[in-house]
Amino acid sequence: MTDYDLDIFARTLYGEARGEYAYAGPAALIAVANVIMNRFKRGKKYGKTITEVCLKPRQFSCWNKSDSNRTLIQQEEITHTPLFILCEKIVQKVSRDIWPDLTRDSDHYHATSCQPYWAKPEKIKLRLGHHIFYKLD
């Protein structure tokens, strides 16, 4: 995994889950990182690299062109914030399988404030903070 992949991974984690940190602590960040790694490990369907997995259209909303998080996560200034530095540490540990998969092999998640068409109650693996995690593949 390249430094660029790790940077995109950390930015995705920051964009997707930074709001959950105050509510559910580092476990919320780790769980989203687990989903990204699980998609990467599944191969071509989600992307051949971490960068492809994170930037695949309509997969992680923080990268959507219309999402306000996109502008934020592209800024260099965030890399000096304590929460982004924590995201980088989590990415390092999760990408090397140093920390366990809290999501029990989940490959999808969503905020509890919405109900995507693909969400199947029988596929739920974890509820953590304001996110629900699923193993669909």
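The values are calculated or read from the model by the stated rules, or taken from the named source; none is laboratory data. Keep in mind it's a predicted model, so treat the numbers as computed, not measured. Every residue, glycine among them, receives a Cβ derived from its backbone with ideal geometry; neighbour counts consider all protein chains shown.
Descriptive notes on the structure:
- First in the stretch 116-134 and in a helix (DSSP H, G or I), second anywhere and aromatic (Phe, Trp, Tyr) and surrounded by 15 or more Cβ atoms within 10 Å (Cβ to Cβ), Cβ under 8 Å, 6 or more apart: Lys123/Tyr134
- Selection from the stretch 98-113 of residues that are touching a residue at least 12 places away in the same chain (Cβ under 8 Å) and in a loop (DSSP other than H, G, I, E, B): Trp99, Asp101, Leu102, Thr103, Arg104, Asp105, Ser106, Asp107, Thr112, Ser113
- Residue selected from the stretch 33-77 under the condition without any contact (Cβ under 8 Å) to a residue 24 or more places away in the chain, more than 20 Å from Ile90 (Cβ to Cβ) and basic (Lys, Arg), by the criterion surrounded by the most Cβ atoms within 10 Å (Cβ to Cβ): Lys56
- Single match in Thr81, Thr2 (criterion: more than 23 Å from Cys114 (Cα to Cα) and either surrounded by 22 or more Cβ atoms within 10 Å (Cβ to Cβ) or modelled with pLDDT of 95 or more (or both)): Thr81
- Filtered residue count, the stretch 17-33, keeping only those that are closer than 15 Å to Asp107 by Cα and basic (Lys, Arg): 0
- Odd one out for Thr49, checked against (1) within 20 Å of Gly129 (Cβ to Cβ); (2) of a type in the set (Val, Ile, Thr); (3) over 13 Å from the mean Cα position of the chain (by Cα): (1)
- Among residues of the stretch 85-97 being of a type in the set (A, V, I, L, M) and touching a residue at least 40 places away in the same chain (Cβ under 8 Å), the one that is surrounded by the fewest Cβ atoms within 10 Å (Cβ to Cβ) is Leu86.
- Index of the failed condition, Asp7 passing every other in (1) of a type in the set (D, E, K, R); (2) within 14 Å of Lys89 (Cα to Cα); (3) buried (at least 22 other Cβ atoms within 10 Å of the Cβ): (3)
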